[in-house]
Structure formats: C-alpha cells, structure tokens
Amino acid sequence: QKQVNLGKGDKPQQVTLQQFRLEHEQVMKGQVAYATIQEHKRVLELFEKFIGGSFALSKIRPRYAEAFVADCLASNKVSNGTVNKWIRTLKGIFNLAIEPRGYLAEGQNPFAKIKKRKITEKSLRYVDLQEYSALMDTATTKLWWKAFLSIAYGSGLRRNEILHLTWADIDLEQHRIE
C-alpha cells in the first residue's frame, strides 16, 4: 500500500524509443547546454537506428545495450573512449526515463550495468629537431607562426595554453613563461 501511495506501484507508461527521444529533446531544452542536447539527440538516434524507433522503451534489455556497444566497436569507426562516453550518456538518459518521467520501473535501466571498455594508452610522439627545423622553414612568411612554433617546441605548453597566453604570463626579465 505504501508503494501505491508513493506512486511507485503504478505500472510504467508505455512509450516507444522514438517518442521518448523526441520528448527528451523538448524537456531538456533550457535545462542543459545546447551542445549537451545535441549529443543526447545524436546518441539516442544511433541507438534508435540500431534497435528501431518503434521498440517499446520498457522492452529494452541490457542485452540490446550490450549488442549496441559491440556493434559500435565492431564498426571500427569509433574508439573505446567514444563508446564509454555514449554508455555514460545513455545511462544518464535512461535514468531520466525512470525518475522523474516514470517510463521505466526502478532498476530497469538497460545501460546501468554495462561496463566501460578499456582504453589503451597511446604512446607520445615528440617532434625531433629535424622536424622542428622543417616547420620553422615553412613558417617564414608569418612571424606569428614562428613565435607559436618556438613556444610550442621549447616550452611543452599545450596548444590552448599557448593560444591563451597574455603579456602578463611572460616574464621578459627572467626569460620565463609563467
């Protein structure tokens, strides 16, 4: 009786994956950034394309989620890191189908127990002196490029760190970038 009074005893409402995706796009507007909505839309569309938009949300089981992940990885078009991001995104979206929307019963998130894929570390490749010299020779027409390449090669700063440098970051007396 307590669960019925709390609303947890009610059967989840039946909606298709497509209906849920369209509703999700509308409900999330104004709640999250535009880029987040676009990412949710893209990942839901990929999952929808995989299992079918007319598939009832309540009928989606973990085996379908696992098959989707395996299919994405088998295509060799996406990395394990991208698939891990999609798993996190879909897990969060399907949590919203449980609470507050009530389309899935508690514990019915098909992505809840999908494990992240291992990401292999890529070895770093450094520019050697010969490659640096070739780059500097190519950048002869623009002093800006020479400065950028010199700072990049000599400091170890990342691209965005270099691009966001200000005069306040440069100590001309000590010959340092802080």
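What do you get for the angle between helix 143-155 and the principal long axis of the chain? Use alpha-carbon atoms, 0 to 90 degrees, nearest ten.
Its long axis makes an angle of about 80 degrees.
Tell me, in nm to one decimal, what length is gained between A139 and A33 on full extension, where the rule is 0.36 nm per residue of separation less the Cα-Cα distance?
Contour length minus Cα-Cα distance gives 34.3 nm.
What are the residues whose amide H is under 5 Å from the amide H of F55, where those residues sit 5 or more places off or on another chain and H is modelled from the backbone?
Here L17, Q18 satisfy the definition.
Calculate what fraction, in whole %, of the accessible area of the chain sits on carbon and sulfur atoms when a 1.4 Å probe is rolled over the protein chains.
The computed percentage sits at 53.
Testing the spin-label approximation: label points 7 Å from Cα along Cα→Cβ at K116 and L73. State their distance in nm.
Going from the K116 label point to the L73 one covers 1.4 nm.
I'd like the orientation of helix 129-138 relative to the chain: the angle between its Cα long axis and the longest Cα principal axis, in ° from 0 to 90, rounded to 10.
80
Test of understanding: what is the full-extension gain from K91 to D169, defined as 0.36 nm times their sequence separation minus their Cα-Cα distance?
Stretched fully, the K91-D169 segment lengthens by 23.9 nm.
Between their Cα atoms, which of K49/K115; K77/K142; K29/K49 are more than 28 Å away from each other?
Too far apart for the 28 Å limit: K77/K142.
Using a Gaussian network model on the chain with a 10 Å cutoff between Cα atoms, which of P100, P110, P62 fluctuates the most?
Largest GNM mean-square fluctuation: P100.
Between the alpha-carbon centers of the range 40-86 and the range 152-178, tell me the distance in whole angstrom.
43
So with the 1.4 Å probe, I'd like the accessible area per residue for the range 26-83, rounded to whole Å².
Accessible area per residue: 59 Å².
Given R₀ = 30 Å, what would the calculated FRET efficiency be for K49 paired with R158, taking r from the Cβ atoms and rounding to 0.05?
The computed FRET efficiency comes out at 0.25.
Specify which residue in the list C72, L172, T16 is farthest towards the positive end of the charge dipole of the chain, using unit charges on the beta carbon of Lys, Arg (+1) and Asp, Glu (-1), about the Cα centre.
T16
Starting from the 7 Å offset along Cα-to-Cβ, what nm value, one decimal, do you get for the label separation of Q19 and E99?
Reported label-point gap for Q19 and E99 is 2.4 nm.
Treating only the Cβ atoms of Lys and Arg (+1) and Asp and Glu (-1) as charged, compute the dipole magnitude of the range 48-178 about its Cα centre; round to the nearest 20 debye.
Using Cβ point charges on Lys, Arg, Asp and Glu, the range 48-178 gives about 980 debye.
Can you tell me the 0 to 90 degree angle between the C-alpha axis of helix 80-98 and the longest principal axis of the chain, rounded to 10?
Tilt of helix 80-98: around 40 degrees.
Measuring from label point to label point, each 7 Å out along Cα→Cβ, what is the A56 to E178 span in nm?
The modelled label-to-label distance comes out at 6.7 nm.
How much solvent-accessible surface does Y64 expose, in Å² to the nearest 10, with a 1.4 Å probe and all protein chains in place?
Probe radius 1.4 Å; accessible area of Y64 about 60 Å².
The values are calculated or read from the model by the stated rules, or taken from the named source; none is laboratory data. The shown structure was predicted, so the numbers you read here are calculated from the model rather than taken from an experiment. So basically every Cβ, Gly included, is an ideal-geometry build from the backbone, and we count neighbours across all protein chains shown. We work out accessible area using only protein heavy atoms, side chains counted, and drop any ligands, DNA or RNA first. Shrake-Rupley method; radii C 1.70, N 1.55, O 1.52, S 1.80 Å.
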